[in-house]
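The values are calculated or read from the model by the stated rules, or taken from the named source; none is laboratory data. This one's a predicted model, so the numbers in the text were calculated from it and none came from an experiment. Counting neighbours? That spans all protein chains shown, and the Cβs are built from the backbone with ideal geometry, glycine included. These area figures cover heavy atoms from the full protein model, side chains too; ligands, DNA and RNA do not enter into them. Shrake-Rupley method; radii C 1.70, N 1.55, O 1.52, S 1.80 Å.
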Amino acid sequence: MDIVACTDKWFVMPTGVMMYSVCVNNPDVDIVFHVIYDDSVTSEDRRDLEDVVALFKGKSVKFYPADEYVTKIDFPALNDPTLGNSPSITRTTYYRLWLAEFLPPTIDKVLYLDGDIIVRHSLLSLWNTDLGNDAVAVVPDGSDGMMEIYQRLGYPSELGYFNAGVLLANLKYWREHMVVKDFLEYLQTHANDILYHDQDVLNVVFKEKKVI
């Protein structure tokens, strides 16, 4: 099982807790954690995460520095108090849009988990979800059904709105359809419509290519 997380220095500790909870509740599953990080994360921080998975048999971690180009993009809606966004949300949240580029081309599927998640049960049933020709498997967001979301993003409410904190991503689809170009185009042309960061972008681009 390949699990990916994105972090900066301020989210290393929660990410370690998430990884520990995954390992405890999936003891018989071989798992590789793929951690995408920026230059605020030190070698000591990375060793701390390595120490977490070293406690468990069949678990390992690999690290991928975020591309310098991505770290310099002026992402919309970050830390804008007029939008009600938390100052704890940093550009790291957008890194998941580049999963297909950051991770090796040999990895066709990953489970993305936000670092503030606690896993309490086996992840195998989620991991074994049939993605078919869709881009992601997702769960509805708590705000799914609120009409202002669909009015803001410009697509029918019947298509739903999902939470990007848990994503089973079909990276083969992402690469074949070069979805990062669609992500960038939406970021550039609809910056004023974005409120919930990369979650909005993912919902628009994958509105008809998701398993719920």
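Below are the figures for this structure:
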item: For the chain: rounded, prolate or oblate by the Cα gyration tensor [a/c cutoff 1.5]; result: prolate
item: Heavy-atom accessible surface of the chain: percent carbon and sulfur, 1.4 Å; result: 52
item: Ranked order, Asp45, Asp28 - accessible area, probe 1.4 Å, largest first; result: Asp28, Asp45
item: Whole-Hz couplings from phi, Karplus 6.51/-1.76/1.60, listed for the stretch 95-101; x for Gly and Pro; result: 4, 5, 5, 9, 4, 5, 8
item: In order through the stretch 153-170: 3J(HN,Hα) via Karplus (6.51 cos²θ - 1.76 cosθ + 1.60), integer Hz, x for Gly, Pro; result: 8, x, 9, x, 5, 4, 7, x, 9, 10, 8, 8, x, 10, 9, 9, 9, 8
item: Value of relative contact order over the chain, rounded to a whole percent, pairs C-alpha under 8 Å and six or more apart; result: 24
item: Sequence of Met13, Met18 from largest to smallest accessible area, 1.4 Å probe; result: Met13, Met18
item: The stretch 118-209: C-alpha gyration tensor shape, a/c 1.5 cut-off, then a/b vs b/c; result: oblate
item: Solvent exposure ordering (accessible area, 1.4 Å, most first) of Ser125, Ser43, Ser21; result: Ser125, Ser43, Ser21
item: The stretch 1-54: relative contact order in percent, alpha carbon pairs under 8 Å with at least 6 residues between; result: 55
item: Tilt relative to the chain, helix 43-53 - C-alpha long axis, 0 to 90 degrees, to 10; result: 70
item: Prolate/oblate/rounded call for the stretch 138-191, Cα gyration tensor, a/c under 1.5 rounded; result: oblate
item: For the stretch 1-160: accessible area per residue (Å², 1.4 Å); result: 52
item: Helix 179-189 axis, angle to the chain major axis (alpha carbon atoms, nearest 10°); result: 50
item: Unit charges on C-beta of K, R, D, E only; dipole of the chain, Debye; result: 360
item: Karplus-derived 3J(HN,Hα), 6.51/-1.76/1.60, for each residue of the stretch 113-123, Hz, glycine and proline x; result: 10, 4, x, 9, 9, 10, 8, 10, 9, 4, 9
item: Placed amide H near Asn163: partners under 5 Å, 5+ positions off or other chain; result: Val139, Asp141
item: On Cα atoms only, tilt of 12-25 relative to the major axis of the chain in degrees; result: 70
